[in-house]
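The values are calculated or read from the model by the stated rules, or taken from the named source; none is laboratory data. The structure presented is a predicted model; accordingly, all values stated were derived computationally and were not measured. Positions of Cβ are backbone-derived with ideal geometry, glycine not excepted, and every protein chain shown enters the neighbour counts.
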Amino acid sequence: MFLPEPDSSILTRRAEIIERMRAIVPEPGGVIADERAMAVYECDGLTALKQLPLVVVLPQTTEQVASILKYCHENRVKIVPRGAGTSLSGGAIPLADAITLGMMKFNRILEIDYGNRCIVTQPGVTNLALSQAVEAEGFYYAPDPSSQIACSIGGNVAENAGGVHCLKYGLTTNNLLGVKLVTVEGEILSLGGKHSDASGYDLLGLVTGSEGLLGVVTEVTVRILPRPETARVVLVGFPSNEAAGQCVADVIGAGIIPGGMEMMDKAAIRAAEDFVQAGYPLDVESLLIVELDGPKAEVDHLIGRVVEIAQRNGAISHRVSQDEAERNRFWAGRKAAFPAIGRISPDYLCMDGTIPRHRLPKVLNAMKELSGTHGLAVANVFHAGDGNLHPLILYDANQPGQLEAAEAFGSDILKLCVEVGGVLTGEHGVGVEKRDLMPVMFNQTDLDQQERVKCAFDPAAILNPGKVFPQLKGCGELKSLDARQIEAKFPNMPRF
């Protein structure tokens with residue numbers, strides 16, 4: 001993984017850029033230019049790669065964001081949007097010649113509309129805060145990433161984040177109704193709104209998951225749902241990862257769609273149990289955490305069916321939550337799995353790839369072999385129900401060669417995901433981490449088409465450059481390519 005070399009002409013203009021940013025954002029603390037203070041922003045959740053930004057700017061209004069983007073567009077200054085910095089793919093890693101645009105001062109919920117079952121919020125509000133704001137009325141916001149206590153809703157939109165309940169209730173894109181977007185020219189657009197569907201092109205869908213390459217979101221409208229009448233969790237232990245993986249496929253194949261269906265291997269189970277004492281069995285190789293929700297009679301019936309399917313797949317234990325406190329404790333272990341692994345390894349890479357559910361046994365076996373090949377341990381925690389894997393590759397950055405080995409291991413896992421019919425990312429995004437693997441999944445024509453969309457929004461390529469695309473073409477080069485393709489296809493077409 002590498003970042004592009006900084007533009008020396010921008011570096012020489014640093015003092016001028018800082019002065020202009022202070023004029024746009026005059027509030028105390030609105031511009032951070034001191035190197036020690038900027039160290040807070042040197043990386044995101046992908047801590048293996050660090051870089052100080054040119055300057056950090058913390059606007060508080062949409063108009064300030066528009067002025068900053070307009071200035072950057074007119075003066076060819078790069079800009080990296082940033083939310084809470086919990087991205088695990090390097091999407092918010094700063095550049096030495098770019099402004100880091102921090103959005104965490106946009107931290108207010110603007111409106112709760114129970115009649116339309118939605119919340120209008122600023123992007124710096126944390127994911128969990130949305131559910132907390134409406135829980136007294138029996139509502140919640142469904143997508144729940146493991147980092148929900150810290151990650152911002154704006155970052156969730158940028159990465160199309162999911163969570164343990166995404167199997168039944170969908171990712172961010174399935175729960176997003178509208179955004180206010182500032183374009184690179186400083187134009188303020190409203191996409192979608194409180195209504196369910198908008199006419200015309202699906203620009204809201206295009207922006208969701210665009211990783212800060214197309215514009216900056218300053219307001220978000222999301223759907224809220226009434227809490228189910230009943231929700232219970234069953235923990236099912238298996239003698240092997242392969243048996244648990246097969247059980248996942250069989251449950252979904254039986255037409256059962258749990259509220260959440262997570263899987264952890266032995267290393268992750270032990271780490272999580274030591275950390276939070278969730279009540280996980282320690283004598284199993286693999287653990288499924290399955291939540292059923294809905295009317296009580298339906299939940300009781302479905303739990304029985306899940307246990308029956310699990311037993312057919314060789315389950316050696318099962319335990320059903322008896323009250324809400326126990327249900328929350330079961331989930332607390334899963335949601336604390338990432339920090340729990342941090343207690344047993346100096347460093348780790350958290351990967352993110354998605355595969356067809358029925359390929360789980362094959363992929364888990366292959367990962368075991370890759371662990372031996374690369375000489376590094378791996379702990380598996382993932383959204384089993386929708387095939388979204390989160391292998392945690394354990395390494396020690398202080399040991400020469402281990403970071404490189406971890407990156408190679410992660411690359412092999414992602415290539416395996418594509419090989420079995422999956423994709424490079426389920427919810428973490430591409431960022432820097434998977435950027436150079438894009439050709440594994442897309443041919444050059446695919447990449448050129450995606451870059452044309454980037455050019456339509458950001459012709460000078462100043463928004464979050466160096467991310468997603470392995471080698472970003474200039475818009476002029478893509479237009480020339482178009483002309484050559486047309487000429488080759490229609491050699492006798494008249495020229496005017």
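Is it fair to say Asn116 is under 21 Å from Val56 (Cβ atoms) and part of a loop (DSSP other than H, G, I, E, B)?
no
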TODO: Could you list, in sequence order, all residues of region 89-99 that are buried (at least 24 other Cβ atoms within 10 Å of the Cβ) and touching a helix residue (DSSP H, G or I) at 6+ places or on another chain (Cβ under 9 Å)?
DONE: Ser89, Gly90, Gly91, Ala92, Pro94, Ala98, Ile99
TODO: Among the residues of region 380-394, count how many are assigned to a strand (DSSP E or B) and either acidic (Asp, Glu) or within 19 Å of the chain's Cα centre (by Cα) (or both).
DONE: 9
Open item on the list: It is to be established whether one or more residues within region 453-476 are more than 23 Å from the chain's Cα centre (by Cα), of a type in the set (Asp, Glu) and either farther than 17 Å from Gly209 by Cα or not in a helix (DSSP H, G or I) (or both).
Closed with: no
Open item on the list: Can you say whether Leu414 is assigned to a helix (DSSP H, G or I), under 29 Å from Gln51 (Cα atoms) and in contact with a strand residue (DSSP E or B) (Cβ under 8 Å, 6 or more places away or on another chain), as far as the supplied structure shows?
Closed with: yes
Open item on the list: Any residue at all in region 222-233 that's over 30 Å from Lys194 (Cβ atoms), touching a residue at least 60 places away in the same chain (Cβ under 8 Å) and buried (at least 19 other Cβ atoms within 10 Å of the Cβ)?
Closed with: yes
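Limited to region 395-411, what total is found for residues that are free of Cβ contacts under 8 Å to residues at least 24 places away in the same chain and in a loop (DSSP other than H, G, I, E, B)? It would help to see each step written out before you state the result.
As a first pass, look at region 395-411 and keep what is free of Cβ contacts under 8 Å to residues at least 24 places away in the same chain: 399-401, 404.
Okay, now just the ones that are also in a loop (DSSP other than H, G, I, E, B), so 399-401.
The total comes to 3.
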Open item on the list: For region 220-229, check the following and say yes or no: at least one residue is assigned by TED's automatic domain parsing to the domain that holds Ser152, closer than 27 Å to Ile462 by Cα and part of a strand (DSSP E or B).
Closed with: yes
Open item on the list: Looking at (1) of a type in the set (Val, Ile, Thr); (2) farther than 22 Å from Gly387 by Cβ; (3) at pLDDT below 95, which one does Val164 not meet, given that it meets all the others?
Closed with: (2)
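Do the conditions hold for Gln132, that is, is it of a type outside the set (Ser, Thr, Tyr) and within 14 Å of the chain's Cα centre (by Cα)? Spell out the reasoning first.
On the way: of a type outside the set (Ser, Thr, Tyr): yes; within 14 Å of the chain's Cα centre (by Cα): no.
So Gln132 does not fit the description; no.
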TODO: State whether one or more residues within region 61-82 are crowded, with 18+ Cβ neighbours inside 10 Å, assigned to a loop (DSSP other than H, G, I, E, B), in contact with an Asp or Glu (Cβ under 7 Å, 6 or more places away or on another chain) and not assigned by TED's automatic domain parsing to the domain that holds Val220.
DONE: no
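Residue check: is Arg305 out of contact with any strand residue (DSSP E or B) (no Cβ under 7 Å at 6 or more places or on another chain), farther than 20 Å from Pro361 by Cα and either touching a residue at least 24 places away in the same chain (Cβ under 8 Å) or outside the structural domain of Ile257 (by TED's automatic domain parsing) (or both)?
Working: out of contact with any strand residue (DSSP E or B) (no Cβ under 7 Å at 6 or more places or on another chain): yes; farther than 20 Å from Pro361 by Cα: yes; either touching a residue at least 24 places away in the same chain (Cβ under 8 Å) or outside the structural domain of Ile257 (by TED's automatic domain parsing) (or both): yes.
Spelling it out, Arg305 is indeed out of contact with any strand residue (DSSP E or B) (no Cβ under 7 Å at 6 or more places or on another chain), farther than 20 Å from Pro361 by Cα and either touching a residue at least 24 places away in the same chain (Cβ under 8 Å) or outside the structural domain of Ile257 (by TED's automatic domain parsing) (or both).
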Open item on the list: Consider region 71-108. How many of its residues are among the aliphatic types (A, V, I, L, M) and under 14 Å from Glu42 (Cβ atoms)?
Closed with: 6
TODO: Could you please let me know if Ser147 is farther than 23 Å from Gly259 by Cβ, part of a loop (DSSP other than H, G, I, E, B), under 14 Å from the mean Cα position of the chain (by Cα) and not acidic (Asp, Glu)?
DONE: no
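For every residue, the table says whether it meets (1) outside any helix (DSSP H, G or I); (2) of a type in the set (A, V, I, L, M, F, W, C); (3) surrounded by 21 or more Cβ atoms within 10 Å (Cβ to Cβ).
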site	(1), (2), (3)
Thr173	no, no, no
Val179	yes, yes, yes
Glu185	yes, no, no
Leu191	yes, yes, yes
His195	yes, no, no
Ser199	yes, no, no
Gly205	no, no, no
Open item on the list: Of all residues being in contact with a strand residue (DSSP E or B) (Cβ under 7 Å, 6 or more places away or on another chain) and either free of Cβ contacts under 8 Å to residues at least 24 places away in the same chain or among the β-branched types (Val, Ile, Thr) (or both) in region 100-117, which is surrounded by the most Cβ atoms within 10 Å (Cβ to Cβ)? Just the residue, please.
Closed with: Thr100
Open item on the list: Here are the criteria: (1) under 20 Å from Phe382 (Cα atoms); (2) touching a residue at least 40 places away in the same chain (Cβ under 8 Å); (3) under 18 Å from the mean Cα position of the chain (by Cα). Tell me which single one Gly170 does not satisfy.
Closed with: (2)
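Can you confirm whether Gly387 is touching a Lys or Arg at 6+ places or on another chain (Cβ under 7 Å), more than 30 Å from Cys475 (Cα to Cα), surrounded by 17 or more Cβ atoms within 10 Å (Cβ to Cβ) and not hydrophobic (A, V, I, L, M, F, W, C)?
On the way: touching a Lys or Arg at 6+ places or on another chain (Cβ under 7 Å): yes; more than 30 Å from Cys475 (Cα to Cα): yes; surrounded by 17 or more Cβ atoms within 10 Å (Cβ to Cβ): yes; not hydrophobic (A, V, I, L, M, F, W, C): yes.
So Gly387 passes the test.
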